[in-house]
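Please read the structure below before turning to the comments.
The values are calculated or read from the model by the stated rules, or taken from the named source; none is laboratory data. Bear in mind that the values here come from a model prediction, so they are computed numbers and not experimental data. Cβ atoms come from the backbone with ideal geometry, glycine included; neighbour counts cover every protein chain shown. Accessible surface is based on the protein model in full, side chains and every heavy atom, while ligands, DNA and RNA are left aside. Shrake-Rupley method; radii C 1.70, N 1.55, O 1.52, S 1.80 Å.
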Amino acid sequence: MDAVTFGVLGPVTAERGGDPLALKGPRHRAVLARLVLARRRTVPVARLVEDLWEVPPPRAVGAVRTFVGDLRRALEPDRAPRAPARLLVTEGPGYALRAAPGAVDAWRFETAVAEADRGPAARAPDRIRAALEEWRGPAYAEFGAARWARGERTRLTELRLRAVERRAELLVDLGRAAEAVPDLDAHLTGHPWREEAWRLLALALYRTGRQGDALAVLRRARARLAGRLGLDPGPRLRRLEAGILAQDPELDPPGAPADAAARLWASATEAYDRTVAAGAHARLESAVGLLRGLAVTGGDGLEAAREHRTTAIEAAEETGDAELTARVIGAYDVPANWTRGDDPEAARRIVEAAERTLAALPPDAAADAARCRLLATVALESRGVRSERGPRAAAEAERIARRLDDPALLAFALNGVFMQSCTRAGLAPRRDALGAELVALGTRNGLVNHTVLGHLVRLQARSALADLDAADEHAAAAERLAARHDRPLVAVFTDWYRALRLAVTGSPYGTAAAAYRSAAARLDGAGMPGLERGLLPLALLGLRLAHGRPADVDPGEDWGPYRPWAEPFALLADGRTAEARTALAALPQPPPDLLYEALCCAEAALALRLGDRPALERARERLLPAAGEIAGAGSGLLTFGPVDDWLAAIGRAPAP
């Protein structure tokens, strides 16, 4: 039976498997709330009586026991008659609720906020946001007047307010100040006496290029504090105001690229605040154009563009203008050649917004270009997700673009088709043809970014097809364009390609491994976590397997999304064969991305070691369309060796 969970961050609730439990009347809820508040400690019956009634009735103790009995039946309906309770237990002179540490929303909230500051700073804002989502209203909502709840309500409320401010502080420190502004505005509406929130809002505005608005916020803070409380602003607010007036460099965002992104983003943030003002539409569209330019610079510029893009889309949707929203979503036609996204949650939100906008567009032909861009966006942002919608959207976008005969539109649509071209093994020839068309289309029409994309796509495809001479040519062509047009991210991919080349051509293990490690160093700060996470350990695993070496998987490494394929090797090395078999059986089909064949080979290697015939047949069936190719080399990054070698090894494996 599912465990019971309890909620006190809002009305008091108890649930099992997401279904609410019937807690009868308000005094039943009060008993439960009082026991939750005690945090697994015993509450004497006399204290419960005192807390439940101002003037206890003659049979108050019996009533409490009745309430407890009713609660036990609701919490443990399958408990046998006279069997001891396991959750709401009798202990000494009273009762205790033995809820698990994660069973109460308030306890989860406190733990998550504390752990957020102990983990990587870059992930802390999202962890705190998730913790804040536990709140459904005021803590112990229906017991606001109860003396026994007053202290805990105050404590939890203060923790929540500090968590909101701590998340904003982290965002500002991480160069993501624009994200902090809307939440701080809302926070101060309900809590205008919190000086730290005023300071953070003013600093966030300044770091997004809104100096005047930052000073206006500080003036509002001064007026509120002086007018209502008779207080002057504290020293931190006064120092910030002086620093803004002097344009103190100490107040600038960390890192020049992030600073540029924030200041370029100022116009879009203002548009968000004034979506109905004259000119707001134009500001939103121009802001997305600036973000598109930042994205191709890589590093902080790419991260800033990615972060602010969703804000622009939200602002556009708030106007209620579907055609504007379509233009804002579709204007971000930044070429992408890696088939796994950097921020799956943001991608999901963008896809949902694109789908809503598609449904709202007028059905006439005048909207076809906007429709095409939205469909291409759905295809691009659905990369690495196995569904029917992504390929269908890509095909429809391509049909519209070819009919409209718009080169830029077709290049964007073809990028979406490329992102959906990994649904099975053996599709390198299809990707090679797409790359060739992108190179020709981009060269004819001056579309530099998509010309570079075409060369990188062909580099990947020719590597898979074991045509390294052609891959070399495309690597060199991409690098020439990158040098001429300042596209630093290209070197990330060509460095990895040269490491892959060493692995494919039989260089000594140590030479190829060193090249992989050198290439991985280029990813640090490149702003592409979807590419970076787990890539180096996976590349080294493929290299070891291709060289006939032991897998030597270190489970302590960051395997990212490839951990399910790595952990069974570690279990085998520890002699935990049965667990390795279970893990192999639980492996999902590899995602539809450029490492599909590589992960199929990893599964085949596990199945060969375990003699698992069904898994071997599954791997053989998946790999067969890629016969003659180099497994994993379609990524342009790493390899597990020739597919034919794996098919031969599967064929030689003894029958069960």
Q | At q = 0.07 Å⁻¹, base-10 log of I(q)/I(0) for the chain (Debye sum, equal scatterers on each alpha carbon) | A | -0.61
Q. So, counting K/R as plus one and D/E as minus one, what does the shell of residues with Cβ under 9 Å around Leu468 add up to?
A. -1
Q | On Cα atoms only, tilt of 344-360 relative to the major axis of the chain in degrees | A | 90 degrees
Q) Under a 1.4 Å probe, what is the accessible area of the chain per residue, stated in Å²? A) 43 Å²
Q) When only the heavy atoms of the protein chains count and the probe is 1.4 Å, how do Ser518, Ser463 rank by accessible area, highest first? A) Ser518, Ser463
Q) Tell me, what is the 1.4 Å probe accessible area of Tyr596, in Å² to the nearest 10? A) 10 Å²
(Q) Can you sort Asp117, Asp405, Asp342 by solvent-accessible area, 1.4 Å probe, largest first? (A) Asp405, Asp117, Asp342
Q. How large, in percent, is the carbon and sulfur part of the accessible surface of the chain at a probe radius of 1.4 Å?
A. 52 percent
Q.
With only alpha-carbon atoms in the gyration tensor, what are the semi-axes of the equivalent ellipsoid for segment 1-94, in Å, largest first?
A. 21, 16, 12
**Q.** segment 172-239 - convex hull of alpha carbons, volume per residue in Å³
**A.** 74 Å³
(Q) Can you classify segment 391-500 as rounded, prolate or oblate using the Cα gyration tensor, where a ≥ b ≥ c are the square roots of its eigenvalues, rounded means a/c under 1.5, and otherwise it's prolate if a/b beats b/c and oblate if not? (A) oblate
Q: Lys and Arg at +1, Asp and Glu at -1: add these up for the other residues within a Cβ distance under 15 Å of Gln420 and post the number.
A: +4
Q) So what's the angle, to the nearest 10 degrees on a 0 to 90 scale, between helix 643-652 and the longest Cα principal axis of the chain? A) 80 degrees
Q) Any idea what angle helix 368-381 forms with the longest principal axis of the chain, computed on alpha-carbon atoms, 0 to 90 degrees, nearest 10? A) 80 degrees
Q) Tally Lys and Arg at +1 and Asp and Glu at -1 over the other residues with C-beta under 12 Å from the C-beta of Pro614: what net charge comes out? A) 0
Q: Provide the FRET efficiency to the nearest 0.05 for the Thr577-Ala648 pair, computing r from the beta carbons and using R0 = 22 Å.
A: 0.30
